[in-house]
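> Sharing a structure below in structure tokens format, with a few things to ask.
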């Protein structure tokens with residue numbers, strides 16, 4: 001799109017709804033008051049890319065260096081110029097250094113009054129679960145000149161966006177799903193250290209992950225070094241180097257064992273225990289859609305620590321997100337795929353409903369993004385160091401692995417042969433999860449949190465478990481696995497899984513092959529590590545058999561190229577029909 005010559009002030013232009021920006025009112029919010037007009041707020045304005053990522057980039061087939069990514073797929077300079085002019089007219093300050101290299105987010109700060117005028121919204125202060133929030137309802141309205149250049153505006157509404165997906169053994173359902181957390185109770189079940197779980201799945205014991213960095217996304221809580229030191233001493237391991245990175249005001253803020261510290265410590269202790277020697281970098285951000293996107297972007301584009309794999313154990317049902325926030329976060333996951341970074345995500349702990357009380361099936365986001373590895377949960381029984389039984393995690397009291405079919409994201413090409421059930425919405429189709437691992441609190445992980453030892457489960461444990469496995473694979477194979485989903489859905493990867501065929505998560509039942517409870521199943525580590533080795537993905541060179549064979553090969557290659565161009569695209573959803581959707585990707 002060629003640069004436009006502005007003929008009118010932004011304030012004199014007609015306004016257009018920003019596609020996907022509609023924000024529903026939360027029923028549980030109390031009656032509120034208008035946000036103080038003089039209070040200052042920072043919002044994120046996400047602009048389109050210079051050039052859209054190609055299909056080969058977002059499927060991990062073709063990787064980009066950071067220099068290549070920045071040169072072609074960072075923020076469009078014309079979009080940045082327009083947003084800066086827009087900010088100046090509405091007395092908004094552009095945060096220095098934004099957009100950061102490779103990023104597309106400009107941070108604008110101004111008064112509530114200025115932001116309301118700039119984006120055509122009304123901001124209120126309300127209380128949600130004892131938390132004071134700034135909220136909006138309805139659509140964001142942009143001046144016509146920004147249409148096609150701005151793809152999302154986040155931060156006007158700062159209500160909590162996500163929940164941690166962990167369960168303390170013995171808790172009743174849903175107690176670990178809000179701002180408060182229940183104290184642990186005796187469960188009478190089986191428990192394992194993360195090392196023991198890794199051994200059951202065949203994680204290599206002769207390889208460490210000393211050259212790998214695992215990134216963890218946390219939207220609350222914190223850790224204490226004393227707990228980490230004591231925990232790894234009990235395992236007979238050297239304590240990992242754990243680095244806290246503050247993103248958008250988020251901080252390492254440990255509280256007590258009844259809060260989000262349980263999530264943070266579960267992630268750190270599982271990932272580091274199964275991938276000894278790895279460096280753990282924890283990206284702390286506020287629990288908002290803006291903070292969530294900022295944290296993942298900070299991790300993906302971190303040139304200081306360069307995580308090769310990122311684990312996410314927070315999420316919410318797709319119906320609790322705006323389309324603009326989901327597409328922006330998904331676009332960041334696409335960037336990770338293009339850069340060769342693996343992202344593992346917990347599929348949720350509330351079964352096929354994902355905790356939504358409308359008697360419909362729902363999946364959790366960002367697990368439903370087609371550009372992450374979605375991790376479901378199992379119940380794992382063993383004897384004598386071997387697995388005796390592994391079934392779908394469903395404890396019948398409300399705790400069960402998430403899984404189902406996205407109503408937002410179309411089925412990706414690499415999943416088209418997996419017999420994914422039909423979605424409720426015609427625009428959906430992506431099946432969740434892709435893989436699984438031990439998650440039932442009744443066969444949970446022994447974890448130390450704020451000086452207490454407890455048993456914790458949930459799909460929150462599975463995301464860092466798989467992140468640790470990927471780190472080991474990267475170390476052993478000598479190259480980052482990157483976006484592995486297309487590889488896992490090929491027949492040659494089948495030996496890398498223990499197929500789970502017993503159990504259900506509510507609406508969906510386990511079956512042979514892929515299912516909407518446990519995906520392809522839990523890992524058989526040695527075969528899985530071999531399957532995701534990037535070196536085995538390239539085709540072996542063939543010997544020439546003369547001109548005739550050469551011509552035949554060239555014709556075959558040309559035929560494939562033509563078929564690739566002619567291949568129809570997947571069904572699109574509302575936001576993808578907008579003019580600027582392709583730029584969001």
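Only the coordinates and a few stated rules stand behind these numbers; no lab work does. Fair warning: this is a prediction, and the values are worked out from it, not measured in the lab. Cβ placement follows ideal geometry from the backbone for every residue including glycine, while neighbour counts extend to all protein chains displayed.
> Can you compute the modelled spin-label distance between residue 22 and residue 210, with each label point 7 Å from Cα toward Cβ, in nm?
5.7
> Further, regarding this structure: Order by neighbour count: 93, 105, fewest other Cβ atoms within 10 Å first, most last.
Listing 93, 105 from fewest to most nearby Cβ atoms yields 93, 105.
> Which order do the peptides 283-295, 216-228, 152-164 take when ranked by the mean count of other beta-carbon atoms within 10 Å per residue, highest first?
283-295, 152-164, 216-228
> Hey, another quick one. Kirkwood Rh over Cα pairs of the stretch 300-414 into Stokes-Einstein at 10 °C, 1.306 mPa s: D in µm²/s?
Using the Kirkwood radius from Cα pairs, D works out to 103 µm²/s.
> In the stretch 430-538, if every C-alpha pair distance is counted and binned at 5 Å from zero, what percent goes to each bin?
2, 11, 19, 22, 18, 13, 9, 4, 1, 0
> Among 345, 455, what is the fewest-to-most ranking by other Cβ atoms within 10 Å?
In increasing order of surrounding Cβ atoms, one gets 455, 345.
> Turning to a different aspect of this structure: Just the Cα atoms of the stretch 388-454, one point each, no solvent: what log10 I(q)/I(0) does Debye give at q = 0.13, 0.15, 0.23, 0.29 Å⁻¹?
-0.55, -0.67, -0.98, -1.19
> Sticking with this structure for a sec: Going 7 Å from the Cα of residue 535 in the Cα-to-Cβ direction, what parts of the stretch 456-487 have a backbone nitrogen less than 11 Å from that spot?
476-479
> Using the Kirkwood radius over C-alpha pairs as Rh, can you work out the diffusion coefficient of the stretch 217-325 via Stokes-Einstein at 4 °C, viscosity 1.567 mPa s, in µm² per second?
Taking Rh from Cα pairs, D becomes 89 µm²/s.
> In addition: In whole angstrom, how long is each semi-axis of the equivalent ellipsoid of the stretch 9-70, when you take the square root of 5 times every eigenvalue of its Cα gyration tensor and sort them from largest down?
37, 19, 15
> Let me ask something else. What are the semi-axes of the equivalent ellipsoid for the stretch 184-267, taken as the square roots of 5 times the Cα gyration tensor eigenvalues, largest first, in whole Å?
Over the Cα atoms of the stretch 184-267, the semi-axes work out to 24, 20, 12 Å.
> If you project the alpha carbons of the stretch 13-159 onto the principal axes, what extent comes out on each, in Å, largest first?
Result for the stretch 13-159: principal-axis Cα extents of 51, 33, 28 Å.
> Can you sort 235, 266 so the residue with the fewest Cβ neighbours within 10 Å comes first?
Exposure proxy ranking, most exposed first: 235, 266.
> Under the rule of -39500 (n - 2.57) per DSSP H run of 4 or more residues, summed and divided by the residues of the chain, what mean residue ellipticity at 222 nm is obtained, to the nearest 500 deg cm²/dmol? Write down the numbers at each step before the final one.
Numbers: 14 runs with 148 residues, N = 585.
For the chain, the value works out to -7500 deg cm²/dmol.
> Between the stretch 185-245 and the stretch 437-472, how far is it from one alpha carbon centroid to the other, in angstrom?
Value for the Cα centre distance between the two parts: 8 Å.
> Per residue Cα convex hull volume for the chain, in cubic angstrom?
Roughly 154 Å³ of hull volume per residue.
> Pop a pseudo-label 7 angstrom from the Cα along the beta-carbon direction at both residue 233 and residue 11 and give the gap in nm to one decimal.
It works out to 6.4 nm between the two label points.
> Ok, one more. So for the pair residue 305, residue 358, with labels modelled 7 Å out along Cα→Cβ, what separation do we get in nm?
With each label placed 7 Å out from Cα toward Cβ, I get 3.6 nm.
> Starting from 0.36 nm per residue, how many nanometres of slack lie between residue 33 and residue 226 once their C-alpha separation is accounted for?
Length gained, residue 33 through residue 226: 65.1 nm.
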